[in-house]
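The values are calculated or read from the model by the stated rules, or taken from the named source; none is laboratory data. Note that this is a predicted model, so its numbers are computed, not measured. When the accessible area is computed, the model is the full protein with side chains, heavy atoms only, and any ligands, DNA or RNA have been set aside. Shrake-Rupley method; radii C 1.70, N 1.55, O 1.52, S 1.80 Å.
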Amino acid sequence: MDQITSKVQIREIVAAAKQQGQQSGIECLILSLQECLLKKKVRFPLLEFAAREIMLFVPEAEQLHLTDRLIATTEMGSYVLTGIILQQRLPEHFEESIHKACTYITMGNQWYVCDIIGERVLGHALLTSPKKAIPLLEELAHHPDKWIVRTIGVATHYAVKKGLPATYVDILLKLLISLSSTTDFHVKKGIGWGAKTIAKFHPKLVTCYSKEIESPETKQWFRTKITIGLNRHKLGAKQIQ
């Protein structure tokens, strides 16, 4: 498989795809991206860069059609491109972008689709607009699709790792504790990921909720993730010393 390793190559590929789109329509743009970008070996940061370059010229009215068609290719890179395109739309189309992200996550029906799109859309929304994002996550906690519930943990992991203020982390920890009775493997992985990250970066918050965490209603797998996160915090503190 051919490998793309530089932004210069990305710009050339995107420029060629843009030209195809201008000459023959958006379907030709998508075909060009699929053949010259998505079927190549490309690191995620370069795919994210490609998505931002694409957003410079694709008209707003055609952006969701583009993501629909990208997702339909089922190429791994299509989820990265789609995640960043929706992320770029968040300021003007917040709820719509999150709804679209959830639709694609459900359609993808795989952990990696959930995590790739979940971090880049719901995670970024949580980090940059927590007051708007948290009520939506609280609604999604009751969603019937396991991947959507998993995404709550994925988004939490991303936002907390990137520096979400403790006031909002407190709310998220309570939300994750409320989901700790799940028995689904994939949901446990996502919720546990978020809980572990909270424990690593906000151990004092975990102490505040020790009664709830040690409650019989909270499953052992959740406590194990919390313990792992606390141990990572201690290890990081020792390394700094």
**Prompt:** In degrees between 0 and 90, to the nearest 10, how far off the longest principal axis of the chain does helix 220-240 point, with axes built from Cα atoms?
**Reply:** 80 degrees
**Complete:** Carbon plus sulfur, as percent of the 1.4 Å-probe accessible area of the stretch 41-239, comes to 54 percent
**Prompt:** Cross-link list 188/225; 161/219; 100/161: which exceed 20 angstrom alpha carbon to alpha carbon?
**Reply:** 161/219; 100/161
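Only helical DSSP H runs with n ≥ 4 go in: add -39500 (n - 2.57) per run for the chain, normalise by residue count and round the 222 nm mean residue ellipticity to 500 deg cm²/dmol.
Value at 222 nm, helices only, nearest 500: -23000 deg cm²/dmol.
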**Asked** Taking only protein heavy atoms and a 1.4 Å probe, what accessible area per residue, in Å², does the stretch 181-221 have with all protein chains in place?
**Response** 57 Å²
**Prompt:** Please report, for the Cα atoms of the chain, the Rg to one decimal and the Dmax as a whole number; what are they, in angstrom?
**Reply:** 19.4, 64
**Request:** Excluding residues on the same chain fewer than 8 positions from residue 174, give the aspartates and glutamates whose Cα lies under 17 Å from its Cα.
**Result:** 138, 139, 212, 214, 217
